[in-house]
Amino acid sequence: MNTLTAVAQILVAAAFASIPLLRHRFGGVAKAAAVAELERQGIRPAVLEENKLRFDASGHEWWAPGGFAAAALTTAVLNLAGNPWGTTLTWVFSSIALLANIAILQSQLGAVKSVQAAFRRKGDPELLRVDVAAFLKAAEGAFPSWTRVLQNVRHTVVFAGSALALTGAALV
(Lines give C-alpha, C1' and ligand atoms only; values in the text may rest on other atoms or scores of the structure.)
Protein backbone atom coordinates (compact mmCIF):
# COMPACT_ATOMS: atom_id res chain seq x y z
CA MET A 1 0.00 0.00 0.00
CA ASN A 2 2.92 2.35 0.69
CA THR A 3 4.01 2.05 -2.94
CA LEU A 4 0.57 2.97 -4.29
CA THR A 5 0.40 5.89 -1.87
CA ALA A 6 3.86 7.05 -2.94
CA VAL A 7 2.97 6.84 -6.65
CA ALA A 8 -0.13 8.95 -6.00
CA GLN A 9 2.01 11.50 -4.15
CA ILE A 10 4.55 11.66 -6.97
CA LEU A 11 1.72 12.35 -9.42
CA VAL A 12 0.38 15.07 -7.11
CA ALA A 13 3.87 16.61 -6.96
CA ALA A 14 4.09 16.63 -10.77
CA ALA A 15 0.62 18.18 -10.99
CA PHE A 16 1.57 20.99 -8.59
CA ALA A 17 4.77 21.68 -10.55
CA SER A 18 3.07 21.68 -13.97
CA ILE A 19 1.41 25.10 -13.91
CA PRO A 20 4.45 27.07 -12.62
CA LEU A 21 6.53 25.39 -15.32
CA LEU A 22 3.95 26.40 -17.91
CA ARG A 23 3.89 29.97 -16.57
CA HIS A 24 7.69 30.06 -16.59
CA ARG A 25 7.73 29.02 -20.24
CA PHE A 26 4.88 31.18 -21.55
CA GLY A 27 4.58 33.98 -18.96
CA GLY A 28 6.50 36.46 -21.11
CA VAL A 29 4.15 35.93 -24.03
CA ALA A 30 1.14 36.32 -21.72
CA LYS A 31 2.58 39.56 -20.34
CA ALA A 32 3.08 40.91 -23.87
CA ALA A 33 -0.55 40.10 -24.69
CA ALA A 34 -1.71 41.75 -21.45
CA VAL A 35 0.38 44.84 -22.20
CA ALA A 36 -1.14 45.07 -25.69
CA GLU A 37 -4.60 44.85 -24.15
CA LEU A 38 -3.79 47.58 -21.63
CA GLU A 39 -2.55 49.80 -24.45
CA ARG A 40 -5.77 49.11 -26.37
CA GLN A 41 -7.68 50.24 -23.26
CA GLY A 42 -5.58 53.41 -23.01
CA ILE A 43 -3.83 52.33 -19.82
CA ARG A 44 -0.10 52.66 -19.30
CA PRO A 45 1.54 49.21 -19.39
CA ALA A 46 3.98 50.37 -16.70
CA VAL A 47 1.11 50.00 -14.22
CA LEU A 48 1.85 46.25 -14.23
CA GLU A 49 5.43 46.72 -13.02
CA GLU A 50 4.51 49.50 -10.63
CA ASN A 51 2.04 47.16 -8.92
CA LYS A 52 4.25 44.06 -9.24
CA LEU A 53 1.77 42.22 -11.45
CA ARG A 54 3.39 39.33 -13.29
CA PHE A 55 2.46 36.42 -15.51
CA ASP A 56 5.53 34.29 -15.00
CA ALA A 57 6.20 31.84 -12.18
CA SER A 58 7.97 34.13 -9.76
CA GLY A 59 7.16 34.71 -6.13
CA HIS A 60 4.20 32.84 -4.68
CA GLU A 61 3.33 31.55 -8.14
CA TRP A 62 6.34 29.26 -7.79
CA TRP A 63 7.12 28.77 -4.12
CA ALA A 64 3.58 27.74 -3.11
CA PRO A 65 3.12 24.95 -5.68
CA GLY A 66 6.83 24.15 -5.44
CA GLY A 67 6.43 23.72 -1.71
CA PHE A 68 3.47 21.40 -2.21
CA ALA A 69 5.44 19.40 -4.76
CA ALA A 70 8.43 19.12 -2.42
CA ALA A 71 6.21 18.04 0.48
CA ALA A 72 4.49 15.41 -1.68
CA LEU A 73 7.83 14.07 -2.93
CA THR A 74 9.32 13.97 0.56
CA THR A 75 6.30 12.11 1.86
CA ALA A 76 6.44 9.72 -1.10
CA VAL A 77 10.09 8.90 -0.34
CA LEU A 78 9.25 8.26 3.31
CA ASN A 79 6.36 5.99 2.27
CA LEU A 80 8.57 4.07 -0.15
CA ALA A 81 11.13 3.60 2.61
CA GLY A 82 8.44 2.31 4.94
CA ASN A 83 9.15 5.10 7.42
CA PRO A 84 6.18 5.64 9.78
CA TRP A 85 6.54 9.39 9.32
CA GLY A 86 5.33 8.81 5.76
CA THR A 87 1.86 7.90 6.98
CA THR A 88 1.70 10.81 9.42
CA LEU A 89 2.85 13.32 6.82
CA THR A 90 0.49 11.84 4.24
CA TRP A 91 -2.41 12.75 6.52
CA VAL A 92 -1.09 16.28 6.90
CA PHE A 93 0.09 17.12 3.38
CA SER A 94 -2.57 15.29 1.40
CA SER A 95 -5.30 16.98 3.45
CA ILE A 96 -3.69 20.38 2.89
CA ALA A 97 -3.24 19.62 -0.84
CA LEU A 98 -6.95 18.84 -1.16
CA LEU A 99 -7.94 22.07 0.57
CA ALA A 100 -5.41 24.13 -1.39
CA ASN A 101 -6.64 22.68 -4.66
CA ILE A 102 -10.21 23.65 -3.76
CA ALA A 103 -9.00 27.22 -3.17
CA ILE A 104 -7.07 27.21 -6.45
CA LEU A 105 -10.07 25.94 -8.40
CA GLN A 106 -12.33 28.51 -6.76
CA SER A 107 -9.92 31.33 -7.62
CA GLN A 108 -9.72 30.17 -11.24
CA LEU A 109 -13.49 29.99 -11.57
CA GLY A 110 -13.85 33.50 -10.16
CA ALA A 111 -10.72 34.99 -11.70
CA VAL A 112 -12.33 38.18 -13.00
CA LYS A 113 -13.92 39.04 -9.65
CA SER A 114 -10.75 38.04 -7.80
CA VAL A 115 -8.53 40.27 -9.96
CA GLN A 116 -11.00 43.15 -9.73
CA ALA A 117 -10.92 42.85 -5.94
CA ALA A 118 -7.12 42.71 -5.98
CA PHE A 119 -6.99 45.82 -8.15
CA ARG A 120 -9.31 47.62 -5.72
CA ARG A 121 -7.05 46.63 -2.79
CA LYS A 122 -4.03 48.05 -4.64
CA GLY A 123 -5.73 51.44 -4.60
CA ASP A 124 -4.23 52.46 -7.94
CA PRO A 125 -6.86 54.51 -9.85
CA GLU A 126 -5.39 53.39 -13.16
CA LEU A 127 -5.90 49.73 -12.27
CA LEU A 128 -9.53 50.47 -11.45
CA ARG A 129 -10.08 51.49 -15.09
CA VAL A 130 -8.87 48.14 -16.45
CA ASP A 131 -11.46 45.98 -18.22
CA VAL A 132 -10.34 42.93 -16.26
CA ALA A 133 -12.27 40.38 -18.33
CA ALA A 134 -10.59 41.56 -21.55
CA PHE A 135 -7.22 41.86 -19.80
CA LEU A 136 -7.36 38.27 -18.52
CA LYS A 137 -8.72 36.93 -21.81
CA ALA A 138 -5.76 38.47 -23.65
CA ALA A 139 -3.24 37.01 -21.20
CA GLU A 140 -4.89 33.57 -21.13
CA GLY A 141 -5.08 33.54 -24.93
CA ALA A 142 -1.29 33.77 -25.10
CA PHE A 143 -0.89 30.40 -23.38
CA PRO A 144 -1.05 27.25 -25.51
CA SER A 145 -4.49 25.95 -26.43
CA TRP A 146 -3.93 22.86 -24.29
CA THR A 147 -3.48 24.90 -21.09
CA ARG A 148 -7.13 24.47 -20.04
CA VAL A 149 -6.81 20.69 -20.51
CA LEU A 150 -3.64 20.71 -18.39
CA GLN A 151 -5.43 22.65 -15.65
CA ASN A 152 -8.31 20.16 -15.63
CA VAL A 153 -5.94 17.18 -15.59
CA ARG A 154 -3.96 18.86 -12.81
CA HIS A 155 -7.07 19.33 -10.67
CA THR A 156 -8.16 15.75 -11.29
CA VAL A 157 -4.74 14.35 -10.40
CA VAL A 158 -4.49 16.43 -7.21
CA PHE A 159 -8.00 15.52 -6.04
CA ALA A 160 -7.75 11.84 -6.95
CA GLY A 161 -4.11 11.43 -5.93
CA SER A 162 -4.65 13.09 -2.57
CA ALA A 163 -7.77 11.01 -1.92
CA LEU A 164 -5.89 7.84 -2.90
CA ALA A 165 -2.95 8.76 -0.66
CA LEU A 166 -5.30 9.41 2.27
CA THR A 167 -7.02 6.09 1.62
CA GLY A 168 -3.63 4.39 1.59
CA ALA A 169 -2.70 6.08 4.87
CA ALA A 170 -5.97 4.93 6.42
CA LEU A 171 -5.25 1.33 5.41
CA VAL A 172 -1.71 1.23 6.83
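The values are calculated or read from the model by the stated rules, or taken from the named source; none is laboratory data. The shown structure was predicted, so the numbers you read here are calculated from the model rather than taken from an experiment. Ideal geometry is used to build each Cβ from the backbone, glycine not excepted, and the neighbour counts take in all protein chains shown. Side chains included, ligands, DNA and RNA excluded: accessible areas come from the protein's heavy atoms. Shrake-Rupley method; radii C 1.70, N 1.55, O 1.52, S 1.80 Å.
Tell me which chymotrypsin sites (Phe, Trp or Tyr not before Pro) from segment 83-172 have a DSSP coil assignment and no more than 16 other beta carbons within 10 Å of their own.
Sparse-neighbourhood loop chymotrypsin sites (Phe, Trp or Tyr not before Pro): TRP146.
Given the options VAL153, GLY110, TRP85, identify the residue whose Cα lies farthest towards the positive end of the charge dipole of segment 54-168 (+1 on Cβ of Lys, Arg; -1 on Cβ of Asp, Glu).
GLY110
Given the protein chains as shown and a 1.4 Å probe, how many square angstrom of LEU99 are accessible, to the nearest 10?
Answer for LEU99: close to 120 Å² accessible.
For ARG148, ARG121, give me the order by solvent-accessible area with a 1.4 Å probe, most accessible first, ignoring ligands, DNA and RNA.
The ranking, largest first, comes out as ARG121, ARG148.
Which value, in Å² and to the nearest 10, is the accessible area of LYS122 when all protein chains are kept and the probe is 1.4 Å?
The value for LYS122 is about 100 Å².
Measuring from centroid to centroid over Cα atoms, what is the spacing of segment 26-48 and segment 55-103 in Å?
33 Å
Can you work out D for segment 1-51 in µm² s⁻¹ from Stokes-Einstein, where Rh is the Kirkwood radius over C-alpha pairs, the temperature is 4 °C and the viscosity is 1.567 mPa s?
Working: Rh = 13.6 Å.
For the chosen part, D equals 95 µm²/s.
Using a cut-off of 12 Å between beta-carbons, work out the net charge of the residues near LEU136 (Lys and Arg +1, Asp and Glu -1, LEU136 not included).
So the surrounding residues net to -1.
About its Cα centre, how strong a charge dipole does the chain have in debye, to the nearest 20, once Lys and Arg get +1 and Asp and Glu get -1 at the Cβ? Write down the numbers at each step before the final one.
Values: 15 positive and 10 negative charges, 37 e Å.
Computed charge dipole of the chain: roughly 180 debye.
When the helix-only estimate is applied to the chain (DSSP H runs of n ≥ 4, each -39,500 (n - 2.57), divided by the residue count), what is the mean residue ellipticity at 222 nm, nearest 500 deg cm²/dmol?
Result for the chain, helices only: -28000 deg cm²/dmol.
Cut-off under 18 Å on the C-alpha distance; same-chain residues fewer than 8 positions from LYS122 excluded. Which lysines are left, in chain and number order?
Excluding near neighbours in sequence, the set is LYS52, LYS113.
Provide the solvent-accessible area of ASP131, counting protein heavy atoms only and rolling a 1.4 Å probe, rounded to the nearest 10 Å².
70 Å²
Could you point to the residue in LEU128, LEU53, ALA13 farthest towards the positive end of the chain's charge dipole, with +1 and -1 charges on the Cβ of Lys/Arg and Asp/Glu respectively?
Of the candidates, LEU128 comes out farthest on the positive side.
Which order do you get for ARG120, ARG44 if you rank them by accessible area with a 1.4 Å probe, largest at the top?
Descending accessible area places them as ARG120, ARG44.
How large is log10 I(q)/I(0) at q = 0.15 Å⁻¹ when the Debye formula is applied to the Cα atoms of the chain, each weighted equally and without solvent?
For the chain at q = 0.15 Å⁻¹, log10 I(q)/I(0) is -0.83.
Given an 8 Å cut-off on Cα distances and at least 6 residues of separation, report the relative contact order of the chain as a percent.
43 percent
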